[in-house]
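What follows is calculated from the coordinates using simple rules that are stated; it is not laboratory data. Note that the structure is a prediction, hence the values are computed from the model and not measured. Glycine also receives a Cβ, built like all others from the backbone with ideal geometry; neighbour counts cover every protein chain displayed.
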Amino acid sequence: MHVPVLPVLIFCLGAAGVAVARLFLIPFARALQARRGDSDQLVTELVIAVPFATFILVLIAGLTLIAR
C-alpha cells in the first residue's frame, strides 16, 4: 500500500510541535501558578490549549504548502 508522504510528514510535525510545546509549557505554567497563585484550572487550560493550537497551526501551514 502506498501512503502519501507529505500528509504523514505534516501530521508528524504537528505531533512533534505538540510534544515540544507541552515540554516547555508545563514548567512555565507551574511557575506562573506558584507566583500568581492561580488555580489548577489555568495550568490545565494552558497545557491543553497551547499544544492544540500549535497542532492546528502546523496542519494549516502544511495544507497550505500542499495546495500550492
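So, in nm, how far is label F24 from label R68 when the simple model puts each one 7 Å beyond its Cα toward the Cβ?
Result for the modelled spin labels: 2.3 nm.
How tilted is helix 40-67 with respect to the longest principal axis of the chain? Cα atoms for both, answer in degrees (0 to 90, nearest 10).
Compared with the principal axis, the helix lies near 20 degrees.
Helix 5-36 versus the longest principal axis of the chain: what angle, 0 to 90°, nearest 10, using Cα atoms?
The helix 5-36 is inclined about 10 degrees to the chain.
Take the chain, drop everything but the C-alpha atoms, weight them equally and run the Debye formula without solvent; then report log10 I(q)/I(0) at 0.12, 0.18, 0.26 Å⁻¹ to two decimals.
-0.41, -0.69, -1.03
Which distance in nm do the two modelled labels at I48 and L6 give, with both placed 7 Å along the Cα-to-Cβ direction?
3.4 nm
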